[in-house]
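Everything on this sheet refers to the single structure shown next.
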Amino acid sequence: VSLVYLAVQLRINTKALKANGAWDSEIVYGNANFEIARDPDFALLFSKASSDGADIADFSEVEQAQLYFNVRCALQYAQAQWWIWQSGNLPNELWEIRCRWAKNFMEAPVINDIWQAELKQHSFSERFAEAIQSTESQGVYSISPHHD
């Protein structure tokens with residue numbers, strides 16, 4: 001009876017850990033989007049950076065610094081979720097969504113320039129970088145809801 005009880009409790013705890021991982025994942029990205037939305041200039045900066053025709057030289061020194069730190073932050077959020085997923089505490093479906101998001105995010109030329117610089121600095125786990133780079137793109141990343 002004790003072993004059955006422990007097995008049931010273990011299953012319940014595993015589900016709770018995955019639910020908490022999913023909750024935390026959504027809250028982190030939701031808060032980041034909320035903060036970007038609160039600053040119209042910053043929101044436009046990200047919109048401009050995600051466009052196909054953008055070039056890092058099109059941005060002021062301050063804007064480049066903002067982009068570097070915020071792209072690094074977004075990718076660190078994704079890597080943190082990768083670690084949680086690796087431990088078995090993030091549902092596969094949510095990790096697959098984040099992985100495709102990160103892949104699409106990094107395909108915009110300016111964002112990709114920053115990603116490549118981060119890779120040269122070994123800012124991220126090689127296994128995380130491989131997971132993102134080996135993911136197939138789906139759709140086009142855009143900040144703007146009016147992106148074609």
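The values are calculated or read from the model by the stated rules, or taken from the named source; none is laboratory data. Treat the numbers as computed from the prediction; the structure is a model and nothing was measured. Neighbour counts are summed over all protein chains in view; Cβ atoms, including those assigned to glycine, are modelled from backbone coordinates with ideal geometry. For accessibility, only protein heavy atoms count, side chains too; no ligands or nucleic acids. Shrake-Rupley method; radii C 1.70, N 1.55, O 1.52, S 1.80 Å.
Using the Cα centre of the chain as the reference point, and only Cβ charges (+1 on K/R, -1 on D/E), how large is the resulting charge dipole? Debye, rounded to the nearest 20.
880 debye
Once the Cα atoms are used to define both axes, helix 109-120 deviates from the longest principal axis of the chain by about 60 degrees. Dipole magnitude for region 79-127: computed about the Cα centre from +1 point charges on Lys and Arg Cβ and -1 point charges on Asp and Glu Cβ, it is near 60 debye. Between the helical axis of 40-49 and the dominant principal axis of the chain, each derived from Cα atoms, what acute angle in degrees is found, rounded to the nearest 10? Compared with the principal axis, the helix lies near 90 degrees.
Between the residues 110, 69, 89, the greatest Cα displacement towards the positive end of the dipole of region 58-112, with unit charges on the Cβ of Lys, Arg, Asp and Glu, is found for 89. Accessible area per residue, 1.4 Å probe, Å², for the chain: what's the number? Using a 1.4 Å probe on heavy atoms only, each residue of the chain averages 63 Å².
In the chain, if the dipole is taken from +1 on Lys/Arg beta carbons and -1 on Asp/Glu beta carbons about the Cα centre, which of 132, 8, 49 is farthest to the positive end? Checking the options against the dipole of the chain, the answer is 8. Springs join every pair of Cα atoms under 10 Å in this Gaussian network model of the chain, and among 24, 39, 52 the largest mean-square fluctuation is at 39. Of the residues 14, 135, the one with the largest accessible area comes first in the ranking 14, 135, computed with a 1.4 Å probe on protein heavy atoms. A probe of 1.4 angstrom, applied to the heavy atoms of all protein chains, finds residue 103 with accessible area near 40 square angstrom.
For residue 35 and residue 47, compute 0.36 nm times the residue count separating them, minus their Cα-Cα distance, and round to one decimal in nm.
Between residue 35 and residue 47, full extension yields 2.9 nm more.
Ligands, DNA and RNA left out, the 1.4 Å accessible surface of the chain is 55% carbon and sulfur atoms. In percent, rounded to a whole number, the relative contact order of region 31-113 is 40, using alpha-carbon pairs under 8 Å and six or more apart.
Would you mind checking the tilt of helix 2-38 against the longest principal axis of the Cα atoms of the chain, expressed as 0 to 90 degrees and rounded to 10? Tilt relative to the chain: about 20 degrees.
Only one item in (i) 16.8; (ii) 17.6; (iii) 15.3 matches Kirkwood radius over Cα pairs in Å derived from the coordinates shown, and that item is (i). Computed over the chain with a Gaussian network model linking Cα atoms closer than 10 Å, the most mobile of 62, 28, 110 is 62.
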